[in-house]
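Report on the following structure.
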Amino acid sequence: MKRMGFETALIHAGQEADRRTGSVTVPVYQTSTYKQDGVGRDRGWEYSRTGNPTRKALEDCVAALEGVRHGLAFASGLAAETAVVGGLLKKGDHVVAGDDLYGGTYRLFEKVFRKWGLEITYADSGSPAAFRRAMRRNTRLVWAETPTNPLLNITDIAAVAEIAHKGRALLAVDNTFATPYFQRPVGLGADIVVHSSTKYLGGHSDVIGGLLAIKDKAVFEEVKFHQNAAGAVPGPWDAWLTLRGIKTLAVRMKAHEANAFEIAEALSRHPAVSKVYYPGLKDHPAHALAGAQMDGYGGMVSFELKGGRPAAEKFLKKLKIFTLAESLGGVESLACYPAAMTHAAIPEKDRLARGITAGLVRLSAGIESTEDLLKDLHRALNQIQRG
Ligand SMILES: *Cc1c(COP(=O)(O)O)cnc(C)c1O
């Protein structure tokens, strides 16, 4: 099937009925190895670190969703990031990265890649000019996360792609927050799309995983070599759970976004809240850019409470439907306190400089009843005011 619609690709890309049995759902090939018909005569599968049919279905599916030929699946989002850097860069190479990143990505860059001899410069996520200034002769990779976690900053993908390519560097975009339903970075010039499929793609808070979609065959081959050589692959059950989650991505993303909009507006009107970060709001500094490069604004909302950490702790304790937990993108609504949870790996000084303050709360709007979610937030907000 060529050029199928996005909703069709979610359900069918890479997932033809099983040739032998007709099984409509891709089987879980729970095997580590494959019988060979003679020495050197395998049937296309040798060993499940190298390749597994369930994983291949997932890899083909993410490639189709991002509009490229090549996909790769990993044991986690960070394993996927490690394969990009490990597969493509060497000691002495330079990376330019946006300065508002998932805390685990920042930790990987700072505590692991620097030890390997990589040079890294951070640029203001919202400023293509800052990316341009950070470029050096040895810059091989530009890394952008957009929208960013947790502050929902927007990076201009087309502008940064041009800057990267002018410097003969590749652009990787972490598309975890938007998903291909709302944003397809390759169409805007990116070379590699990165996902933590733990989040919206899996969508049910039951599996850890990472995915890459890669435009160029030679780049793909280098990263695939690393995938097999280092071996951070997902098992077939994890691949299967992720495929199953992806089937409903379109209906879920619509519902996540509808709830996020209502939540962002309700928070903006509440006196206990001093600031709301949601790219769908007209007063978001990159509202127009988000509208131009995305098909929607997503399901994540961050906000700042007046009264710092004590107010945040009280608020989080009073929530009943929102669950206090790390992660995001599942059907259930979650609340998180970035300064002590997802972004604790960033030194306090750097955190504050980026706007990750003591009053900041991040919400992942689930797909429960909008009314129940709003009531839950209002009740918790009203109680902190009462002291
Ligand atoms: C969670 C997350 C990651 C890391 O993915 P894991 O699956 O937890 O390894 C990377 N980027 C973003 C934006 C994330 O939210």
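The numbers here are math on the coordinates, done by the rules we state, and not lab data. Just so you know, these numbers come straight off a predicted model, no measurement behind them. Note that each Cβ is placed from the backbone with ideal geometry, even for glycine, and that neighbours are counted across all protein chains shown.
Under a Cβ-Cβ cut-off of 15 Å, what is the net charge of the residues other than Asp37 that fall near it, where Lys and Arg count +1 and Asp and Glu count -1? Computed value for this residue: +1. Which Cα, out of Gly330, Ala169, Val193, lies furthest along the positive dipole direction of the chain (beta carbon charges, K/R +1, D/E -1)? Working it through, the farthest residue towards the positive pole turns out to be Ala169.
What is the sum of charges, Lys and Arg at +1 and Asp and Glu at -1, for the other residues whose Cβ falls under 10 Å from the Cβ of Phe6?
Net local charge, Phe6 excluded: -1.
Mean-square fluctuation check for the chain, GNM, Cα pairs under 10 Å: which of Ala164, Ala218, Ala63 is largest? Result: Ala218 has the largest fluctuation of those listed.
For the range 203-270, the equivalent ellipsoid derived from the alpha-carbon gyration tensor has semi-axes of 34, 16, 12 Å in decreasing order. Considering only Trp116, Gly71, Thr8, and ranking their Cα positions along the charge dipole of the chain that arises from unit charges at the beta-carbon of Lys, Arg, Asp and Glu, the one farthest toward the positive end is Trp116. Length available on full extension from Ala353 to Val251: 0.36 nm per residue minus the Cα-Cα distance, which gives 33.0 nm. Cα extents for the range 158-268 along the principal axes, largest to smallest and rounded to whole angstrom: 46, 38, 20.
Among the listed pairs Lys254/Lys375; Lys115/Lys318; Lys254/Lys317; Lys91/Lys166; Lys217/Lys254, which are separated by more than 31 Å between their Cα atoms?
Lys115/Lys318; Lys217/Lys254
Look at the Cα gyration tensor of the range 224-305: its axes a ≥ b ≥ c give a/c of at least 1.5 with a/b over b/c, and that counts as prolate. Placing pseudo-labels 7 Å out from each Cα toward the beta carbon at Tyr47 and Lys90 gives an inter-label distance of 2.5 nm. Between Ala129 and Arg107, the simple spin-label model (points 7 angstrom out along Cα→Cβ) gives 3.5 nm.
From the alpha carbon centroid of the range 350-387 to that of the range 205-246 is 33 Å. The range 32-138 gives an Rg/Rh value of 1.11, both radii derived from C-alpha positions and Rh following Kirkwood.
Membrane-span-like helices in the chain (whole DSSP H runs, Cα extent of at least 27 Å along the helix axis, mean Kyte-Doolittle hydropathy of at least -0.5): 249-269. Across the chain, the relative contact order, built from alpha-carbon pairs under 8 Å that are at least six residues apart, equals 17 percent. Loop-resident trypsin sites (Lys or Arg not before Pro) (DSSP state other than H, G, I, E or B) in the range 157-237 with no more than 13 further Cβ atoms inside 10 Å of their Cβ: Arg168. Sorting the segments 367-380, 140-153 by their residues' average number of neighbouring beta-carbon atoms within 10 angstrom, most packed first, yields 140-153, 367-380. Using C-alpha pairs under 8 Å with a sequence gap of at least 6, the mean separation divided by the residue count of the range 249-386 gives a relative contact order of 30 percent.
Between the beta carbons of Ala230 and Lys320, assuming R0 = 30 Å, the FRET efficiency works out to 0.10 to the nearest 0.05.
Here is the list for the range 225-301: trypsin sites (Lys or Arg not before Pro) lying in DSSP coil, each with at most 13 other C-beta atoms within 10 angstrom of its C-beta, are Lys282. Only helical runs count toward this figure. For the chain, summing -39,500 (n - 2.57) over DSSP H runs of n ≥ 4 and dividing by all residues gives -11500 deg cm²/dmol at 222 nm. With R₀ fixed at 25 Å, the C-beta to C-beta distance from Glu119 to Arg168 puts the FRET efficiency at about 0.95. For the range 280-342, GluC sites (Glu not before Pro) are listed when DSSP marks them as loop and at most 15 other Cβ atoms sit within 10 Å of their Cβ; the list is Glu326, Glu332. If you take the square roots of the eigenvalues of the alpha-carbon gyration tensor of the range 278-385 and sort them as a ≥ b ≥ c, do you get rounded (a/c under 1.5), prolate (a/b over b/c) or oblate? Since a/c reaches 1.5 but b/c is at least a/b, the shape of the range 278-385 is classed as oblate.
Pop the C-beta distance of Lys35 and Ala218 into the FRET formula with R0 = 30 Å and round what comes out to the nearest 0.05. Calculated value: 0.40.
So which aspartates and glutamates pass the test for Lys35, namely a Cα distance under 18 Å, with those fewer than 8 places away in the same chain ruled out? Lys35 reaches Glu46.
When every Cα-Cα distance of the chain is counted in 10 angstrom steps from zero, the calculated P(r) takes the values 5, 24, 32, 24, 12, 3, 1, 0 percent.
For the chain, modelled as a GNM whose springs connect Cα atoms under 10 angstrom apart, the maximal fluctuation among Ala158, Ala172, Ala213 occurs at Ala158.
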